[in-house]
Amino acid sequence: MSAIRMDGKALSAKVRGQILAETEALKAQGVVPGLAVILVGDDPASQIYVRNKERACSECGFYSEKHVLPATASEQDLLDLIERLNANPKISGILCQLPLPEQIREDAVIAAIDPKKDVDAFHPVNVGKIMVGDFDFLPCTPAGVMELLDEYQIDPAGKRCVVVGRSNIVGKPMAMLLLHRHGTVTICHSRTHDLAGLCAQADILVAAVGKAGFITPEMVKPDAVVIDVGMNRNEEGKVCGDVDPAVLDKAAYMTPVPGGVGPMTITMLMRNTIKAARLQNNL
Ligand code: GUN
């Protein structure tokens with residue numbers, strides 16, 4: 001039996017349609033959601049992500065600005081740009097694409113973004129709000145995963161959820177969102193003993209490791225829900241996830257790469273941007 005494919009592309013198209021309708025309603029009230037995307041340097045993967053974010057903005061009827069700084073830019077150059085964007089009323093949300101060149105401290109940049117414009121939900125104020133369950137913005141990738149679970153009527157309540165990876169962008173907030181929904185959550189990482197054994201107990205397994213084919217069929221419980229957050233390139237340069245495709249024969253549900261979590265992440269960024277526009281205009 002082959003797992004049901006959780007179609008993030010189709011769900012994204014549906015949600016973006018809803019966002020476009022909401023944008024039209026906001027525009028009728030004189031408010032245009034605006035996103036500023038900042039790219040520092042010329043990392044090819046980041047260039048693709050930024051292009052996809054701009055395209056999504058135009059699909060959703062948003063105003064968008066792209067700011068490209070050279071790889072040699074100083075931290076102060078970036079902080080000055082963020083200060084201008086914080087003060088610009090046309091900009092509802094600011095996204096600085098990570099990773100940044102090594103001369104720039106990521107935490108200083110994240111902290112400089114006005115929390116009301118922090119559509120990534122990376123600012124410590126927003127991270128804290130997520131922790132206590134009283135938030136304005138949800139981090140985009142974990143929020144996209146929750147939307148996919150809801151679409152396929154998979155309820156984490158009471159289930160064993162295993163998140164592999166403990167990054168601030170995905171693993172940690174993913175665990176928190178599953179916990180909010182009453183999952184029993186384990187976070188695994190590179191120091192975890194018997195990682196394969198823990199994964200094999202998961203009803204819902206989320207792989208956010210960054211290594212192609214890391215999750216093999218032996219690590220998956222029969223009929224589990226397997227969410228693949230990985231975005232890797234194999235030897236032929238083809239995009240592939242963290243989950244070995246052979247897992248398709250063992251899982252009940254699985255997200256494809258590409259076309260699963262990726263499009264949902266960008267769609268959740270659009271949702272955060274429209275939310276930011278509303279918050280800033282008391283609508
Ligand atoms: N780099 C990889 N994923 C992300 C993301 O969700 N947001 C930002 N800003 N940079 C990223």
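The values are calculated or read from the model by the stated rules, or taken from the named source; none is laboratory data. All of these numbers come straight from a predicted model, not from anything done at the bench. Note that each Cβ is placed from the backbone with ideal geometry, even for glycine, and that neighbours are counted across all protein chains shown.
Applying a threshold of 9 Å to beta carbon distances and a minimum spacing of six or more residues, or different chains, the list of pairs starting in segment 25-36 at a residue that is among the β-branched types (Val, Ile, Thr) and ending at one that is part of a loop (DSSP other than H, G, I, E, B) reads Val31/Ser92; Val31/Asn281; Val31/Leu283; Val32/Gly61; Val32/Phe62; Val32/Lys90; Val32/Ser92.
Can you pull out the residues in segment 88-111 that are surrounded by fewer than 19 Cβ atoms within 10 Å (Cβ to Cβ) and either within 18 Å of Lys172 (Cβ to Cβ) or of a type outside the set (S, T, N, Q) (or both)? Of everything in segment 88-111, those that are surrounded by fewer than 19 Cβ atoms within 10 Å (Cβ to Cβ) and either within 18 Å of Lys172 (Cβ to Cβ) or of a type outside the set (S, T, N, Q) (or both) turn out to be Pro89, Lys90, Leu98, Pro99, Pro101, Glu102, Arg105, Glu106, Asp107, Ala108, Ala111. For segment 115-148, a tally of residues being part of a loop (DSSP other than H, G, I, E, B) and either more than 13 Å from the ligand (Cβ to nearest atom) or among the hydroxyl-bearing types (Ser, Thr, Tyr) (or both) returns 4. Quick check: anything in segment 99-113 over 21 Å from the mean Cα position of the chain (by Cα) and away from the ligand (no atom under 16 Å from the Cβ)? Yes - at least one qualifying residue is present in segment 99-113.
Test Asp77 against the stated conditions and say whether it is away from the ligand (no atom under 16 Å from the Cβ), of a type in the set (Asp, Glu) and touching a strand residue (DSSP E or B) at 6+ places or on another chain (Cβ under 7 Å).
Answer is yes for this residue.
Entry remark, segment 1-45: residues being surrounded by fewer than 17 Cβ atoms within 10 Å (Cβ to Cβ) and not basic (Lys, Arg) number 18 in total.
Residue under question is Thr267, and the condition is that it be outside any loop (DSSP other than H, G, I, E, B), closer than 30 Å to Pro89 by Cβ and not acidic (Asp, Glu); does it hold? When the stated conditions are applied, Thr267 passes them.
Residues that are under 20 Å from Met264 (Cβ atoms), in a strand (DSSP E or B) and of a type outside the set (Val, Ile, Thr) are absent from segment 170-192. Pairs are defined by a Cβ separation below 6 Å, a sequence spacing of at least 6 or placement on different chains, a first member in segment 46-65 that is under 14 Å from Gly93 (Cα atoms), and a second member that is in a helix (DSSP H, G or I) and among the acidic types (Asp, Glu); the pairs so defined are Ser64/Glu54. Taking the conditions (1) closer than 30 Å to Ala13 by Cβ; (2) more than 22 Å from the chain's Cα centre (by Cα); (3) at pLDDT 95 or above; (4) not β-branched (Val, Ile, Thr) in turn, Asp194 satisfies each one other than (1).
Across segment 205-242, what is the number of residues that are in contact (Cβ under 8 Å) with a residue 12 or more places away in the chain and more than 18 Å from Gly144 (Cα to Cα)?
19
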